[in-house]
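Throughout, read-outs are computed from the coordinates displayed, never taken from laboratory work. Computed from a prediction, not measured in an experiment: that's the story for all the values here. Reconstructed Cβ throughout: ideal geometry from the backbone, glycine too, with neighbour counts over all protein chains shown.
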Amino acid sequence: MTIDENVIEGLQDDQDGKQIMLFGTDITKIPCFKNSLLTGIYAGFGCGIASFLATSRVLQSTNISILSFVLVTYGYWFNCRIKWAKDNFNCRQAEGTFAEEIESIKSRKKKMTD
């Protein structure tokens, strides 16, 4: 084994070992979860800080921060999941099309040889 293979195996082992279970579901395998959560956290933090700097009201800034976190997280989640579902559907449709095309090519070749 070379050094590169050891590094690759080490990275694969690290990725396989990370599981975060929530209600019996590994949330690391849910598409769009990480990105939507991080985007919501950043937006909530940014809106909360901006609101506090503008008004100096702690309670109002906290409410704005939580509201922006929830809205941005759900908004990003739904948009990402819709895009993921469309891409997944198109990939599955393309796989079926390719399989049909391969079968038709095989049948044409078989007819030519007969």
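Using every alpha carbon pair in segment 31-113, what percent of pairs falls into each 10 Å bin from 0 up to the bin containing the largest distance?
Taking all Cα pairs of segment 31-113, the binned fractions are 18, 24, 17, 13, 11, 8, 6, 3, 0 percent.
With θ taken as phi - 60° and the coefficients 6.51, -1.76 and 1.60, list the Karplus ³J(HN,Hα) couplings across segment 61-78 in order, rounded to whole Hz; mark glycine and proline as x.
5, 5, 5, 5, 4, 5, 4, 5, 4, 5, 5, 5, 4, 5, x, 5, 4, 5
Spin-label point model (7 Å from Cα, Cβ direction): what's the T55 to K83 distance in nm?
3.1 nm
Too long at a 24 Å Cα-Cα cut-off: which of K29/K86; K83/K106; K29/K83?
The answer is K83/K106.
Taking +1 at the Cβ of each Lys and Arg and -1 at the Cβ of each Asp and Glu, which of G44, T73, A54 sits farthest along the dipole of segment 31-113 towards its positive end, judged by Cα position relative to the Cα centre?
Positive-most Cα among the choices belongs to T73.
Read phi for every residue in segment 31-44 and hand back ³J(HN,Hα) as whole Hz from Karplus 6.51 cos²θ - 1.76 cosθ + 1.60, θ = phi - 60°, with x for Gly and Pro.
Along segment 31-44, the couplings run x, 6, 5, 5, 5, 5, 5, 5, 5, x, 5, 4, 5, x Hz.
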